Amino acid sequence: MKEVRYFYVPDAQHTDLLPDDEAQHALRVLRLSEGDEIVLIDGEGSFHDAVITHADKRQCRYRITDSHFAGKFWKGSIHLAMAPTKNIDRTEWVAEKATEIGFDSLTFLRCQFSERTQIKPERIERILISAMKQSKKALKPQLHDMTDFRSFIQSATETHKYICHCYDDNLPLLRDVLPPCADALVMIGPEGDFSIDEVRLAEAAGFQSVSLGAARLRTETAALVAVHLMNLANTK
């Protein structure tokens, strides 16, 4: 069976040219040529079957033969807000794996105990795109600007908002309070957890304190568990 090749092309129906990075991958890495069939992902929920009409050292043109809207396989909206880890590889791993599982939005937080206060959004964006193509999803997660904790909790608009922390052993489990098919946001703190003041501020802003279980998890593990739980709650 011939392998299907996927390429990310925003506004795929309004152009006939692969973006430069995708064209170089198609031509130099995959050695595709005129007449080869490919699938375009627009990141907005649609797949487009296409055939290459022209290929040279610099450009790759295509013609769309069929299109269909795939959307996503979960209802509602899944938003992860997390403090990036000191080791950026662990943060990038979360972005990749959360995309493979399926979620809608990613925000990085600057918290009181954060050990990393800057990220390279262009690199995270590339990881989101790569994981979207690898997992054959039509929707690209939205990457938001890195945001200070206080500003973020005041601007969050989701119906169901949660903050995970380890200050109370008797918190309800996230899995038990997530409603099905809802717009949900979960915040995950840095390696040193949120400060107690941040927890109180979040609760005052309408966030519910929750636990991910008895085990103490690393930031990146907690973030992925939260995404998975939200995805399971929202799966059609």
> Pairs, please: C-beta under 6 Å, at least 6 apart or cross-chain, first residue polar (S, T, N, Q) and in region 213-236, second open to solvent by 50 Å² or more (accessible area, probe 1.4 Å) and in a loop (DSSP other than H, G, I, E, B)?
Replying inline: 219/191; 234/75; 234/181
>> Quick check on residue 78: is it touching a Cys at 6+ places or on another chain (Cβ under 8 Å), surrounded by 16 or more Cβ atoms within 10 Å (Cβ to Cβ), assigned to a strand (DSSP E or B) and not acidic (Asp, Glu)?
In response: no
> Do you know which of the residues in region 32-58 that are open to solvent by less than 20 Å² (accessible area, probe 1.4 Å) and farther than 15 Å from residue 132 by Cβ is farthest from the chain's Cα centre (by Cα)?
Replying inline: 52
>> Go through (1) under 24 Å from residue 74 (Cα atoms); (2) at pLDDT below 95; (3) over 21 Å from the mean Cα position of the chain (by Cα); (4) not aliphatic (A, V, I, L, M) for residue 207 and report which single condition fails.
In response: (2)
> Which numbered condition trips up residue 100, out of (1) within 20 Å of residue 45 (Cα to Cα); (2) surrounded by 17 or more Cβ atoms within 10 Å (Cβ to Cβ); (3) within 14 Å of the chain's Cα centre (by Cα)?
Replying inline: (2)
> What number of residues in region 34-89 are without any contact (Cβ under 8 Å) to a residue 40 or more places away in the chain and charged (D, E, K, R)?
Replying inline: 9
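Residue-wise test of (1) under 27 Å from residue 215 (Cβ atoms); (2) part of a helix (DSSP H, G or I); (3) touching a residue at least 60 places away in the same chain (Cβ under 8 Å).
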| residue | (1), (2), (3) |
| --- | --- |
| 94 | yes, yes, yes |
| 108 | yes, no, no |
| 117 | no, no, no |
| 125 | no, yes, no |
| 129 | no, yes, yes |
| 133 | no, yes, yes |
| 145 | no, no, no |
| 152 | yes, yes, yes |
> Looking at (1) more than 23 Å from residue 193 (Cα to Cα); (2) without any contact (Cβ under 8 Å) to a residue 40 or more places away in the chain; (3) open to solvent by less than 20 Å² (accessible area, probe 1.4 Å), can you tell me which one residue 29 breaks?
Replying inline: (3)
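The values are calculated or read from the model by the stated rules, or taken from the named source; none is laboratory data. On a predicted model such as this, the values are computed, not experimentally measured, just so you know. Note that we place each Cβ from the backbone using ideal geometry, even for glycine, and neighbour counts take in every protein chain shown. Note: areas computed on protein heavy atoms with side chains; ligands, DNA, RNA excluded. Shrake-Rupley method; radii C 1.70, N 1.55, O 1.52, S 1.80 Å.
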